[in-house]
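A.B. asks: So that we are looking at the same thing, I have put the structure below in structure tokens.
Quick note: the coordinates plus some simple rules give every number you see, no bench work behind them. All values reported here derive from a predicted model rather than from experimental measurement. Note: ideal-geometry Cβ built from the backbone for every residue, glycine included; neighbour counts use all protein chains shown.
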Amino acid sequence: MSNFKELVRIGKDAVTRYTNAGKAVTGFSAAFDNGWGDRKQTIWLDCSLWGERGEKLAQYLVKGAQVVVEGDIGTREHDGKTYITLDVREVKLTGNGTPRQTAPSPQRPQRATDAPADDFDSDSIPF
């Protein structure tokens with residue numbers, strides 16, 4: 001493994017999962033450009049950020065956001081393909097990302113018995 005530090009673009013919203021031991025790991029894909037002109041290519045990284053920090057940062061690690069990541073780069077094999085991995089030690093938010101909006105908590109539907117009796121108009125029922 002070698003040290004890596006680069007400004008990257010988040011390619012897919014971060015997802016936090018938990019090991020059987022209950023330890024959090026936040027995973028996300030990130031891309032950066034390498035080379036110039038005709039030799040320019042986009043390199044994709046499978047990033048893992050362990051622990052509570054990853055849980056807290058996940059809402060900011062959304063598709064399209066730019067962040068600086070630092071960590072240990074490596075590779076893994078899966079189904080005959082080689083993937084570049086990054087075990088992230090540090091993340092620096094650049095301020096151009098918008099946190100992911102959490103869904104509002106669903107409100108309890110109002111039952112007919114909760115409505116005042118004088119608000120009910122039987123003529124408005126279509127059947």
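A.B. asks: Any idea which of L49, Y60, G22 is furthest toward the positive side of the dipole for the range 8-97, if Lys and Arg beta-carbons carry +1 and Asp and Glu beta-carbons -1?
C.D. replies: After comparing all options, I get Y60.
A.B. asks: Around D72, under 14 Å between beta carbons, what's the net of Lys plus Arg minus Asp minus Glu among the other residues?
C.D. replies: So the surrounding residues net to -2.
A.B. asks: If the limit is 19 Å between Cα atoms, which of K40/K63; K40/K81; K56/K92; K23/K63; K5/K81 go over it?
C.D. replies: Table pairs above 19 Å Cα-Cα are K40/K63; K40/K81; K23/K63; K5/K81.
A.B. asks: Hey, can you grab everything whose amide H is under 5 Å from the amide H of R89? Only 5+ residues off in sequence or another chain; H modelled, so Pro and N-termini drop out.
C.D. replies: For R89, the qualifying residues are E70, G71, D72.
A.B. asks: What does the extension gain come out to for W36 and T75, with contour length at 0.36 nm per residue minus their alpha carbon separation?
C.D. replies: Between W36 and T75, full extension yields 11.6 nm more.
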